[in-house]
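One structure is given below, encoded as structure tokens.
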């Protein structure tokens, strides 16, 4: 399972910059130290870590002006590529930029990264100065609005949101909304104001509900992608709380955490799906939910 983290200590930054150098400078025979620039102290840095705490992806954002933020140094370990981690780190940096008031996001992309940024809503605006004096780059721009999201299969995402509101009305009262779906990562968010307790933090029960619905929603979308149908029910759920939520409740389910055989439905059998949902307060991990869901084939509903 992967999680977003923010480097804070000297040791954190040492690992962070070493990873950046290995991914983005070492292949071009540049010495350590060349991976840093004058914006490090005023930038926001994010990393993705695996279950063992190893850094597998990084990225940085800093403000150029009061309204423009620049994305730089996104890198994903070769061993973790193809799992949606680039989009995950970019989404975290975009959220930082929004929070700081940016309405325009820019990046200078190498040729090999243009398709990635285009898939995330960026457009080529002009040619940018070459990187390291030899790598051709294009300046790409994304204009931020309240509705900018990464939504794969938006029709299914809208159907899921409507299903929640129609069949689980409390989800609407809690302000639970689908935020993004990349095919690999599913994210939901909830309103803190609608779930706040007398301590000014989110109710533990609301956190549990957010987690279970997120796992349910991930399975719903995967069934759609596989052309399968079935009734999704929660069999068992276990959650561990580490910190209270005081700002922005978020829930993330990554495809890497899913364990189960969906194809059992094609044989008329129920399938058992195990997954994990990470709960965050902004970018800070605060809880983990592990759930077991059952998907019942259509004919089994009345059994």
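What follows draws every value from the coordinates through simple rules; no lab data is involved. The structure presented is a predicted model; accordingly, all values stated were derived computationally and were not measured. So basically every Cβ, Gly included, is an ideal-geometry build from the backbone, and we count neighbours across all protein chains shown.
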Two-site label geometry, residue 11 and residue 298: point separation in nm, points 7 Å out along Cα→Cβ: 5.6 nm
Helix 204-226 against the longest principal axis of the chain: what's the angle in degrees, Cα atoms only, rounded to the nearest 10? 90 degrees
Which residue, 30, 241, 16, has the most motion in a Gaussian network model of the chain that connects Cα atoms within less than 10 Å? 30
Once the Cβ-Cβ distance between residue 104 and residue 269 is put in as r, and R0 is 35 Å, what FRET efficiency do you end up with, to the nearest 0.05? 0.10
Once the Cα atoms of helix 154-167 and of the chain are each reduced to a long axis, what angle between those two axes, in degrees from 0 to 90 to the nearest 10, is obtained? 40 degrees
Starting from the 7 Å offset along Cα-to-Cβ, what nm value, one decimal, do you get for the label separation of residue 191 and residue 28? 4.8 nm
Which of rounded, prolate or oblate describes region 30-105 when judged by the alpha-carbon gyration tensor and an a/c cut-off of 1.5? oblate
So if each residue of separation counts as 0.36 nm, and I subtract the Cα-Cα distance between residue 246 and residue 159, what length gain in nm does that give? 28.3 nm
Indicate the gyration tensor shape class of region 1-59 (rounded, prolate or oblate), computed on the Cα atoms with a ≥ b ≥ c the square roots of the eigenvalues: a/c under 1.5 is rounded; otherwise a/b larger than b/c is prolate and the rest oblate. oblate
Give me log10 I(q)/I(0) at q = 0.16 Å⁻¹ for region 154-300, Debye formula, one equal scatterer per alpha-carbon, no solvent. -0.81
Tail beyond 17 Å, pair distance distribution of region 3-143 (Cα, percent): 60 percent
Rounded to whole Å, give me the distance from the Cα center of region 10-67 to that of region 154-198. 33 Å
Label-point separation in nm, residue 38 to residue 145, each point 7 Å along Cα→Cβ: 3.6 nm
Could you tell me the relative contact order of region 242-282? Use alpha-carbon pairs under 8 Å, at least six residues apart, and round to a whole percent. 54 percent
Using a Gaussian network model of the chain with C-alpha springs under 10 Å, which one of 212, 185, 145 is most mobile by mean-square fluctuation? 145
FRET efficiency for residue 239 and residue 18, Cβ-Cβ distance as r, R0 = 35 Å, nearest 0.05? 0.55
Using a Förster radius of 41 Å, what is the FRET efficiency between residue 119 and residue 203 based on their Cβ-Cβ separation? Nearest 0.05, please. 0.65
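Compactness ratio of the chain: Cα Rg over 2.2 N^0.38 Å, N = residue count?
The chain yields a ratio of 1.06.
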Could you tell me the relative contact order of region 206-303? Use alpha-carbon pairs under 8 Å, at least six residues apart, and round to a whole percent. 36 percent
Connecting C-alpha atoms closer than 10 Å in a GNM of the chain, tell me which of 178, 24, 210 has the biggest fluctuation. 24
Note on the chain: contact order normalised by length, alpha-carbon pairs under 8 Å, 6 or more apart, percent, works out to 13 percent
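Sum -39500 (n - 2.57) across every DSSP H segment of at least 4 residues in the chain, then divide by the residue count to get the 222 nm mean residue ellipticity, nearest 500.
-8000 deg cm²/dmol
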